[in-house]
Amino acid sequence: MLHSKEDCIFCKIVNGEIPAKKVLENDKFLSFYDLNPVAKVHVLIIPKNHISNIAHLNENNADYIAGILSFAKEVAKELGISKDGYRLIFNTGEKAGQTVFHMHAHMLGGEELSWPNP
């Protein structure tokens with residue numbers, strides 16, 4: 001099930017309708033702090049274009065995975081966690097815990113992480 005772009009909280013953040021504490025931004029991606037962090041550093045990394053999740057990637061937008069991973073490296077460097085390590089998590093679908101249906105990665109770091117986390 002595709003969720004509406006018009007009702008998407010992340011699209012509203014991209015459009016400036018909802019404020020967020022931004023970390024880094026470029027023409028295709030945005031990173032900002034999670035409102036309910038589960039680690040010392042917990043940011044979300046999203047594409048600016050609405051894609052519900054990884055399962056909805058196709059030949060027209062599959063390059064977003066490589067792009068988001070490259071952008072994540074820049075975010076980790078900006079946050080000062082690139083040397084000590086970090087975790088990237090993509091929840092894909094309700095049964096996996098996805099609650100906002102706009103593709104995003106959770107970046108966790110800044111401390112020793114246990115597995116699984118949370």
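Annotations for the structure displayed:
- Within the range 21-104, strands (runs of 3 or more DSSP E) holding 3 or more residues that are under 16 Å from residue 11 (Cα atoms) and of a type outside the set (Lys, Arg): 29-33, 41-47
- Residue 13 being assigned to a helix (DSSP H, G or I), free of Cβ contacts under 8 Å to residues at least 40 places away in the same chain and buried (at least 19 other Cβ atoms within 10 Å of the Cβ): yes
- Subset of the range 74-118 that is closer than 24 Å to residue 52 by Cβ and β-branched (Val, Ile, Thr) - its residue that is most open to solvent (accessible area, probe 1.4 Å): 99
- Tally of residues being open to solvent by 30 Å² or more (accessible area, probe 1.4 Å) and touching a residue at least 60 places away in the same chain (Cβ under 8 Å) across the range 35-73: 2
The values are calculated or read from the model by the stated rules, or taken from the named source; none is laboratory data. Fair warning: this is a prediction, and the values are worked out from it, not measured in the lab. A quick note on method: Cβ atoms are made from the backbone with ideal geometry, for glycine too, and the neighbour counts reach across all protein chains shown. Accessible surface is based on the protein model in full, side chains and every heavy atom, while ligands, DNA and RNA are left aside. Shrake-Rupley method; radii C 1.70, N 1.55, O 1.52, S 1.80 Å.
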